[in-house]
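One structure is given below, encoded as structure tokens.
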Amino acid sequence: MLERRNFLTKLAGLTAGILIPFPSFPKGAAIYRDRWGDLLPQRKLGNTGEKVTMLGLGGYHIGWTTEKDAEATIEAAIEGGIRFFDTAEAYGPNTSEERYGKYLTPKYRSEIFLMTKTLAKDGKTAREHLDGSLKRLNSDYLDLWQAHAISSREDVDQRMSEGVFDFMMEAKASGRVRHIGFTGHTNAQAHAYLLEKMKGKGFPETVQMPVNPVDAAHTVSFVKQVIPEALEQNCGILAMKTLAGGQFFNEKHELDKKMWETDDPVVPDRFSVRDALNFVWSLPVSVLITGASTPDMVKEKINLAKNHQVLSDSERQKLVEKVVDISQREKVEYYRNRG
């Protein structure tokens with residue numbers, strides 16, 4: 001493994017290669033638009049040939065927030081230029097997909113990039129999940145379908161031997177799914193193992209994982225151990241947990257239930273939300289997926305995307321150094337497998 005400073009510098013050097021440059025237009029002219037308005041800046045999605053907005057809306061919060069806020073958050077995302085939408089059959093469960101199928105796809109399907117995920121451990125269940133997801137999403141195809149929450153080498157081996165990845169490739173060949181990939185937030189070594197085992201087999205095209213300065217400071221890091229191999233295999237990188245699922249803050253709530261509280265928050269004590277997101281966008285990440293349960297939350301991230309800055313090598317390193325002392329704390333990146 002490269003020394004941390006040199007490693008992050010090398011990753012940052014690859015970022016420019018996935019950017020979709022803005023053409024030169026007169027001041028005030030539209031740059032990239034569709035019939036719903038201006039788009040956020042776009043990035044290449046690995047070797048898929050797709051262009052995706054650098055900010056995407058996460059589906060987890062859409063599944064538990066109120067129906068009214070779910071609809072309003074989806075509309076705010078579209079209005080702000082987001083065209084990448086993440087969800088999963090497990091969110092709710094089913095509620096997030098159902099709300100997308102009610103408020104997103106009937107009006108916006110042809111303009112958006114739609115992704116969902118399956119927790120299936122065998123090919124038969126994966127087939128059932130795909131059928132259910134398409135029905136709930138009110139769509140006859142997915143732009144991206146991902147094996148959800150890969151957690152260990154044993155998990156990889158089971159899904160492989162029981163035909164999950166084979167069926168995903170079959171679904172792609174049939175046209176019901178355009179691209180395939182996998183996600184996980186617990187174990188960077190499991191991600192690296194899957195990439196090694198499936199190399200050259202047509203899977204995956206995308207990899208979704210936590211990306212933030214605390215992860216980069218950790219001894220077992222998705223940024224350091226997974227991104228390089230994923231890039232070598234030309235996978236699109238999807239970033240999640242950029243604010244540690246809300247646990248960078250002093251409090252975390254789901255509706256009226258307090259989920260987390262600390263007197264030593266990462267934000268704003270160590271760095272700002274802007275710093276955290278700029279750190280991610282300064283790496284070769286195709287899309288940063290943000291969780292938002294209200295329109296104001298997604299509008300905040302849209303504004304940061306519109307005004308994002310690529311951090312220098314030293315600026316990125318300073319953010320990492322600020323959190324080295326807390327990078328091993330179990331309650332910050334609570335989703336990690338500590339075993």
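Data overview
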| read-out | value |
| --- | --- |
| 19 Å Cα-Cα reach of Lys241 towards lysines, excluding residues that sit fewer than 8 places from it in its own chain | Lys117, Lys224, Lys252, Lys258, Lys299, Lys301, Lys322, Lys331 |
| By average C-beta atoms within 10 angstrom, highest first, the peptides 209-215, 174-180 | 209-215, 174-180 |
| Residue with peak Gaussian network fluctuation, the chain [Cα springs, cutoff 10 Å], from Met168, Met115, Met198 | Met198 |
| Cα-only radius of gyration and Dmax that characterise the stretch 139-179, units Å | 11.3, 33 |
| q = 0.21 Å⁻¹, the stretch 68-108: log10 I(q)/I(0) [Debye, one scatterer per Cα] | -0.63 |
| Heavy-atom surface of the chain, accessible at 1.4 Å and reported per residue (Å²) | 42 Å² |
| Rule-of-thumb Rg ratio for the stretch 67-160 [Cα; 2.2 N^0.38 Å; N residues] | 1.14 |
| Dipole in debye (nearest 20) - the stretch 105-189, about Cα centre, beta carbon charges: Lys, Arg +1; Asp, Glu -1 | 320 debye |
| Exposed-site-free run, longest, the chain (rule: GluC sites (Glu not before Pro); DSSP loop; at most 10 other C-beta within 10 Å) | 4-329 |
| Dipole moment magnitude, nearest 20 debye, the chain about Cα centre, only Lys, Arg, Asp, Glu C-beta charged | 680 debye |
| Net lengthening on full extension, Lys135/Glu232 (0.36 nm per residue, minus Cα-Cα) | 31.4 nm |
| GNM flexibility winner over the chain from Ala76, Ala173, Ala147 (Cα, springs under 10 Å) | Ala173 |
| Selected from Leu104, Leu14, Leu45 as most flexible by GNM, with the chain as the system and alpha-carbon contacts under 10 Å | Leu14 |
| Kirkwood hydrodynamic radius (C-alpha pairs) into Stokes-Einstein, the stretch 119-211, 37 °C and 0.692 mPa s, D in µm²/s | 249 µm²/s |
| Average Cα contact separation per residue, the chain, under 8 Å, 6 or more apart, as relative contact order % | 21 percent |
| Overall dimensions of the chain by Cα: Rg and Dmax, Å | 18.8, 56 |
| Bridge type composition, the chain - antiparallel percent by DSSP, nearest 5 | 30 percent |
| Protein accessible area in the chain, 1.4 Å probe - carbon and sulfur % | 48 percent |
| Per-q log10 I(q)/I(0), the stretch 188-300, q = 0.17 Å⁻¹ (Debye; single scatterer per alpha-carbon; no solvent) | -0.87 |
| Qualifying trypsin sites (Lys or Arg not before Pro) in the stretch 212-320, DSSP loop, other Cβ atoms within 10 Å at most 15 | none |
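The values are calculated or read from the model by the stated rules, or taken from the named source; none is laboratory data. Keep in mind that what you see is a predicted model, and the values were worked out from it rather than measured. Note that each Cβ is placed from the backbone with ideal geometry, even for glycine, and that neighbours are counted across all protein chains shown. The area values use the complete protein model at the heavy-atom level, side chains included, leaving out ligands, DNA and RNA. Shrake-Rupley method; radii C 1.70, N 1.55, O 1.52, S 1.80 Å.
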